[in-house]
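Novice: Quick one: the structure is below, questions incoming.
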Amino acid sequence: MNNERIEYTILRNLIFNEDYTRKVLPFINEIFFSKREEQILFQEINTFVLKYKNLPSKESILIELGNRKDINEEENRIVKELINSLSPEEIDQQWLLDTTEKFCKDRAVHNAVLDGIKILDGKDKKRTQEAIPSILADALAVSFDKHIGHDYIEDADDRFKFYHTKEKKYQFDLSYFNRITKGGVPSKTLNIALAGTGVGKSLFMCHCASAYLAQGLNVLYITLEMAEERIAERIDANLLDVSMDDLHHLPKDLYDSKILKVKNRSTGKLIIKEYPTASAHAGHFRALFNELSLKKSFRPDVVFIDYLNICTSARFKGGNVGSYFFIKAIAEELRGLAVEFNVPIFSATQTTRTGYVSTDIGLEDTAESFGLPATADFMFALQSNEELEQLGQMKVKQLKNRYNDPGINRSFIIGVDRAKMKLYDVENTAQNIVDKGTEVENNDKDPYDKFSDFKVW
């Protein structure tokens, strides 16, 4: 037996090294082992640890092996020889973890390539070619989580540093949104706009995407409703300061000069990616992130997904899942994506039919799922009526806010220029519909005082 093989070293330590086993076992798959006897031994180790929450002894494995009906006499003999050859050995723990992680990643990529070839050859009847990028992305993402938790006493100094470190936030270009979020949204968050059809979900996201690009940030805009060109058209209207109608009559030289000004003003990039409605989920978006990183060296700072209700879930397939669980699952998967890639994600959701005609939208007007508000970090309603439309205004109402007290400026007014797909601050005199009984901040107060980013959990 060749004791130099990494597979042998892994199996030995899975039996004799408890700390190692607890860290790596969730990441190892039996198909990573090329030899049948090693796969069988791993199955026994894995089953024992999961059932008894302890390391197996060689004797217990041998007994369980004797009870198996799916292996022949020769396989039984070879596995027994392998088990009897194993013994504890002093080894550098960090080297072992690093080497095991590389082994798992290499085998995952190897298997992903083989799966891709099967799909291309038509030998996989369940998956199409569209699944290949996701399969490869999942393989490339294999990584051990070396952090095992926060030690309250031992990590007190780190916690103190955290309290006195200003959290990076992505500021809006709208003063009231900055006020209610204490300076913008942080990374690893899910931020949701709630509105009826035609009120301004996509307008809001296109405006914010334009504003973040103008700040020099990398922006990824995923659309499942409108074509890529339609989203780009709206962003053109916003950044070029030209109405949607006039865009189609703009001379080429003038259009080019305006685009050049945008390019010179910003160091960021904007990527717009279209998926068919109800066809894409967080797994597809993860694959897109990885592909953009590999092919374009592009990593988004802020992500927009237009919009949540017409995504699908990576966990629930088909249409038999209740809408509550389905929409909640989508929200959880998107928030997990935000955490994984360290970005804020903006998305939107529809109101119920009742909410569409209501003059005062609440969380109960969230279409299809109360699980969505439970998952989101920041959620607000966009409301309009005939009077507001005539004034070129829109009402914003806070529904949930993990960044600040939602009772402060619960409702406020922003300006809307639908022709140019822009939002803007209005005069303070327009703030005449703030909810009664809620606190309104003094407009003269500096919203960025020394405690502005202090977190209250």
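Since every read-out is calculated from the coordinates, none of them should be taken as a lab result. None of the values given here were measured: they were computed from a predicted structure. All Cβ positions, glycine included, derive from the backbone under ideal geometry; neighbour counts span all protein chains shown.
Novice: Can you tell me the length gained on complete extension of the stretch Leu254 to Gln431, counting 0.36 nm per residue apart and subtracting the Cα distance?
Specialist: 59.9 nm
Novice: Which whole-Hz ³J(HN,Hα) couplings does segment 179-189 yield from phi under the Karplus relation 6.51 cos²θ - 1.76 cosθ + 1.60, θ = phi - 60°, glycine and proline marked x?
Specialist: Each residue's phi maps through the Karplus curve to give 5, 6, 9, 6, x, x, 9, x, 5, 6, 10 Hz.
Novice: Turning to a different aspect of this structure: Find the eigenvalues of the gyration tensor of the Cα atoms of the chain, then list the square roots of 5 times those eigenvalues as equivalent ellipsoid semi-axes, largest first, in whole angstrom.
Specialist: 51, 26, 21
Novice: Still on this structure, please answer the following. So if we plug the beta-carbon distance of Met244 and Tyr324 into 1/(1 + (r/R0)^6) with R0 = 41 Å, what FRET efficiency do we get, rounded to 0.05?
Specialist: 0.65
Novice: Compute the angle between helix 201-214 and the longest alpha-carbon principal axis of the chain, please, reported from 0 to 90 degrees and rounded to the nearest 10.
Specialist: Helix 201-214 sits at roughly 80 degrees to that axis.
Novice: For Leu270, what residues show an amide H to amide H distance below 5 Å, using hydrogens built from the backbone and excluding near sequence neighbours?
Specialist: Here the answer is Val219, since their amide H atoms fall under 5 Å of that of Leu270.
Novice: Something else: Beyond a 20 Å Cα-Cα separation, which of these cross-linked pairs lie in this structure: Lys169/Lys296; Lys261/Lys420; Lys35/Lys80?
Specialist: Lys169/Lys296
Novice: Then there's this: Based solely on its DSSP helices, what 222 nm [θ] is calculated for the chain when runs of n ≥ 4 H residues each add -39,500 (n - 2.57) and the sum is averaged over all residues, nearest 500 deg cm²/dmol?
Specialist: Taken over the chain, the calculation gives -13500 deg cm²/dmol.
Novice: Taking a ≥ b ≥ c as the square roots of the eigenvalues of the Cα gyration tensor of segment 71-112, is the shape rounded (a/c under 1.5), prolate (a/b larger than b/c) or oblate?
Specialist: oblate
Novice: Treating the angle as unsigned and between 0 and 90°, give the value, to the nearest 10°, between the Cα long axis of helix 36-52 and the longest Cα principal axis of the chain.
Specialist: 70 degrees
Novice: Sequence gap at least 6, Cα distance under 8 Å: using those rules, report the relative contact order of the chain to the nearest whole percent.
Specialist: For the chain, the relative contact order is 16 percent.
Novice: Using the Karplus curve 6.51 cos²θ - 1.76 cosθ + 1.60 with θ = phi - 60°, what ³J(HN,Hα) values do you get for each residue of segment 333-340, in whole Hz, with x for Gly and Pro?
Specialist: 5, 5, 5, x, 5, 4, 5, 4
Novice: Hey, how many Å between the Cα centroid of segment 83-156 and the Cα centroid of segment 229-293?
Specialist: If we compute the Cα centre of each part, the gap is 36 Å.
Novice: Label points 7 Å out from Cα along the Cβ direction at Thr277 and Arg418: separation in nm?
Specialist: Modelled inter-label distance: 2.0 nm.
Novice: For segment 162-318, what's the relative contact order in percent, using C-alpha pairs closer than 8 Å and at least 6 residues apart?
Specialist: Computed over segment 162-318, the figure is 29 percent.
Novice: Would you mind checking the tilt of helix 282-296 against the longest principal axis of the Cα atoms of the chain, expressed as 0 to 90 degrees and rounded to 10?
Specialist: Approximately 90 degrees, to the nearest 10.
Novice: Would you work out which of Asn46, Leu391, Leu25 lies farthest towards the positive end of the dipole of the chain, given +1 charges on the beta-carbon of Lys and Arg and -1 on that of Asp and Glu, about the Cα centre?
Specialist: In the chain, that residue is Leu391.
Novice: Shape of segment 96-233 from its Cα gyration tensor (a ≥ b ≥ c, root eigenvalues): rounded if a/c is under 1.5, otherwise prolate when a/b > b/c, or oblate?
Specialist: Taking the square roots of the gyration eigenvalues as a ≥ b ≥ c, segment 96-233 is oblate.
Novice: Then there's this: Can you list which of the trypsin sites (Lys or Arg not before Pro) found in segment 1-67 are DSSP loop residues with at most 15 other C-beta atoms within 10 Å?
Specialist: Loop-located and lightly packed - Arg5, Lys35, Lys53.
Novice: Please give the contour-minus-distance gain from Ile91 to Asn67: 0.36 nm per residue of separation, less the Cα-Cα distance, rounded to one decimal in nm.
Specialist: 5.3 nm
Novice: Another question, then. Which one of Leu55, Gln431, Thr312 has its Cα pushed farthest toward the positive end of the charge dipole of the chain, where Lys and Arg give +1 and Asp and Glu give -1 at the Cβ?
Specialist: Of the candidates, Thr312 comes out farthest on the positive side.
Novice: A further question on this structure: Among rounded, prolate and oblate, which fits segment 1-83 when a ≥ b ≥ c are the square roots of the eigenvalues of its C-alpha gyration tensor, a/c under 1.5 means rounded, and a/b larger than b/c means prolate?
Specialist: oblate
Novice: Here's another thing I want to ask about it. How large is the dipole of segment 80-149 about the Cα centre if only Lys and Arg carry +1 and Asp and Glu carry -1, each at its Cβ, rounded to the nearest 20 debye?
Specialist: Around 480 debye, computed over segment 80-149.
Novice: Determine, for Glu44, Glu73, Glu291, the number of other Cβ atoms within 10 Å of each Cβ, and report the residues in order from fewest to most.
Specialist: Going from least to most buried by this count: Glu73, Glu291, Glu44.
Novice: Once you have the Cα-Cα distance between Phe162 and Glu74, take 0.36 nm times their residue separation minus that, and quote the gain in nm to one decimal.
Specialist: Answer, rounded to one decimal: 25.8 nm.
Novice: Turning to a different aspect of this structure: Relative contact order for segment 169-430: what percent, with Cα pairs under 8 Å and sequence separation of 6 or more?
Specialist: Once normalised by length, the contact order is 29 percent.
Novice: Let me ask you something else. Past the 31 Å Cα-Cα mark, which pairs from Lys188/Lys263; Lys161/Lys422; Lys126/Lys188?
Specialist: Among Lys188/Lys263; Lys161/Lys422; Lys126/Lys188, the Cα-Cα distance tops 31 Å for Lys161/Lys422; Lys126/Lys188.
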